[in-house]
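J.: What follows is a structure written as structure tokens; I'll ask about it next.
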Amino acid sequence: MEKTQTPSDECLVSKFRRGDKNAFIILLQRHTLYIKKTIRKYTADREEASDLFQEISIHLYNKLRVSYKEWGMYAAWQCVVIHHFLHDYDRKKKMKYSLMEVETLKDDVIDDSLSPKEKEQKLDALMSFFEELPQDYIYLLELKFWRKMSYQEVADFTGINRSTVVQRIRNAYSRLRKKMQNIGYDDGST
């Protein structure tokens, strides 16, 4: 009795790029568990997870057709594509959170003794300095404050040690505080 060999990922990729759409379906089925596990680290919301799975599937389909280089490392390539997609998705989401949280931010960090115009100027300065932080600091702050994750959840999500997460967030605060003090806001609120 002859055993049927399961085609490798790379073989399926080659078939797909030659026009066999079923090869992509097999690849997707083969890696669905990993994709869903990665998404679950990102969100606990089932509806958002389902939407993300669909978007990632389409994204992988398009990227595989256009930009995949056949080096024999499909699983690693897929991992990078998914993480980049989720990071970009998170960045876009940040813009929504930024707009939604501005009023809360004003109330939390802007001194009531300031006039409305001064409050707006202080907030604008703070947001400008925030955007100047290194990308990894911005990302950690977004996870901690806009997505309301604990330090441990941020550490688990990013794969960074918890103490490193805490230290980087403290460094980000320190940088923001110094920049605000340099332009005359010495009340310690950032």
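The values are calculated or read from the model by the stated rules, or taken from the named source; none is laboratory data. All values reported here derive from a predicted model rather than from experimental measurement. FYI the Cβ positions are ideal-geometry reconstructions off the backbone, even for glycines, and counts take in every protein chain you see. Ligands, DNA and RNA are excluded from the accessible area calculation, which covers all protein heavy atoms including side chains. Shrake-Rupley method; radii C 1.70, N 1.55, O 1.52, S 1.80 Å.
J.: Would you mind stating whether SER174 is modelled with pLDDT under 80, over 25 Å from LYS41 (Cα atoms) and surrounded by fewer than 14 Cβ atoms within 10 Å (Cβ to Cβ)?
T.: Answer is no for this residue.
J.: Quick one: what pairs do we get from segment 128-157, first residue under 23 Å from ILE183 (Cβ atoms) and part of a helix (DSSP H, G or I), second of a type in the set (Asp, Glu) and open to solvent by 40 Å² or more (accessible area, probe 1.4 Å), C-beta under 9 Å, 6+ apart or different chains?
T.: ILE138/GLU131; PHE145/GLU101
J.: Is it the case, given these coordinates, that LEU143 is open to solvent by less than 50 Å² (accessible area, probe 1.4 Å), modelled with pLDDT of 80 or more and more than 30 Å from CYS11 (Cβ to Cβ)?
T.: Here the answer is yes, as LEU143 does meet what is asked.
J.: I've got another one for you. Name the pairs: first residue in segment 162-173 and closer than 10 Å to LEU140 by Cβ, second residue open to solvent by less than 20 Å² (accessible area, probe 1.4 Å), Cβ to Cβ under 7 Å, at least 6 apart or on different chains?
T.: VAL165/LEU140; VAL165/VAL154; VAL165/ALA155; ARG168/LEU140; ILE169/LEU140; ILE169/LEU141; ALA172/LEU133; ALA172/LEU141
J.: Take segment 8-23 and flag every residue that is in a loop (DSSP other than H, G, I, E, B) and open to solvent by less than 40 Å² (accessible area, probe 1.4 Å).
T.: none
J.: Quick one: would you say LYS69 is free of Cβ contacts under 8 Å to residues at least 12 places away in the same chain, over 30 Å from LEU143 (Cα atoms) and among the basic types (Lys, Arg)?
T.: Taking the combined requirement at face value, the residue satisfies it.
J.: Now, a different point. Quick one: is ILE26 surrounded by 15 or more Cβ atoms within 10 Å (Cβ to Cβ), without any contact (Cβ under 8 Å) to a residue 60 or more places away in the chain and within 29 Å of MET149 (Cβ to Cβ)?
T.: no
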